[in-house]
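For reference, the structure is listed below as structure tokens.
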Amino acid sequence: MSDSQLAFTPEHDHSGCIEHALMDARSLCEERNLRFTPIRELVLKTIWQSHKPLGAYELLPALAEAGFNSAPPTVYRALDFLQEQGLVHRISLLNAFIGCPHPSTSHEGSFLICRHCNNAVEVEAPSISNEVNKQAERFGFIPEQQSIEVLGTCPECQRGNA
Ligand SMILES: [Zn+2]
Ligand SMILES: [Zn+2]
Ligand SMILES: [Zn+2]
């Protein structure tokens, strides 16, 4: 089972997911000579508090509590940074953000999102992206961004446990 699939396994040790994500982010910023500022770290950590995507406004209370300027532009700047570095993905369907479990490789995020418990799993679907790019090329279309978002019911919710 890969890290990202843990989202549908509620009994997993989630503190491990958070630790892993923060470690990845630190080494990635160091490698790229970028500053992993306290606010960037806090926003990333807050997004990783679960495997449920979080909206920008849902991040504000955590910032306020930690004594940061919790004005929306501050949050958006931190989110932009995290997105640019591939540390989080934006899920358009929900207008919300989710941590990426493998940020060091550049990729388009593909997601399975449970409509009942809101947990989302990132899946790798390179053959689908390739096919979409092929179709784009056929139409002379230049793709800039691609994301696959599938709504449904996770195994846990199918069992009626959520
Ligand atoms: Zn987890
Ligand atoms: Zn990702
Ligand atoms: Zn579910």
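The values are calculated or read from the model by the stated rules, or taken from the named source; none is laboratory data. As the structure is a computational prediction, the values presented were derived from the model and not from experiment. Please note: Cβ atoms are built from the backbone with ideal geometry, for glycine as well, and neighbour counts cover all protein chains shown. Remember, those area values only see protein heavy atoms, side chains included, never the ligands or the DNA or RNA. Shrake-Rupley method; radii C 1.70, N 1.55, O 1.52, S 1.80 Å.
Inspect all residues belonging to the stretch 95-104 and state whether any of them is open to solvent by 40 Å² or more (accessible area, probe 1.4 Å) and in contact (Cβ under 8 Å) with a residue 60 or more places away in the chain. So that I can check it myself, show each step before the final result.
To start, the set of residues in the stretch 95-104 that are open to solvent by 40 Å² or more (accessible area, probe 1.4 Å) comprises 95, 102, 104.
Still in the running and in contact (Cβ under 8 Å) with a residue 60 or more places away in the chain: 102, 104.
Yes.
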Original post:
Looking at (1) free of Cβ contacts under 8 Å to residues at least 40 places away in the same chain; (2) loosely packed, with under 15 Cβ neighbours inside 10 Å; (3) under 18 Å from the mean Cα position of the chain (by Cα); (4) away from ligand 1 (no atom under 16 Å from the Cβ), which is the only condition Ser15 fails?
Top reply: (4)
Original post:
In this structure, does Ser110 turn out to be among the hydroxyl-bearing types (Ser, Thr, Tyr) and in contact with a strand residue (DSSP E or B) (Cβ under 7 Å, 6 or more places away or on another chain)?
Top reply: yes
**OP:** State all residues of the stretch 27-42 that are in contact (Cβ under 8 Å) with a residue 12 or more places away in the chain and basic (Lys, Arg); if no residue qualifies, say none.
**Re:** Arg32, Arg40
Subject >> Test: Leu93 is outside any strand (DSSP E or B), out of contact with any His (no Cβ under 8 Å at 6 or more places or on another chain), within 26 Å of Pro10 (Cβ to Cβ) and within 12 Å of ligand 2 (Cβ to nearest atom) >> reply: no
**OP:** Looking for whichever is away from ligand 3 (no atom under 16 Å from the Cβ), under 17 Å from Gly86 (Cα atoms), open to solvent by 70 Å² or more (accessible area, probe 1.4 Å) and charged (D, E, K, R) here; the options are Glu124, Glu137. Which one fits?
**Re:** Glu124
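Tell me which residues, restricted to the stretch 57-76, are among the small types (Gly, Ala, Ser) and assigned to a loop (DSSP other than H, G, I, E, B).
Narrowing the stretch 57-76 to residues among the small types (Gly, Ala, Ser): 62, 64, 66-67, 70-71.
Ala66, Gly67, Ser70, Ala71 - these are the residues of the stretch 57-76 that are among the small types (Gly, Ala, Ser) and assigned to a loop (DSSP other than H, G, I, E, B).
Can you tell me which residues in the stretch 106-144 are in a loop (DSSP other than H, G, I, E, B) and either aromatic (Phe, Trp, Tyr) or farther than 23 Å from Ala7 by Cβ (or both)? I'd like the intermediate steps shown before the answer.
The initial filter retains those residues of the stretch 106-144 that are in a loop (DSSP other than H, G, I, E, B), namely 106-109, 115-119, 124-125, 139-144.
Selection gives Phe139, Gly140, Phe141, Ile142, Pro143, Glu144.
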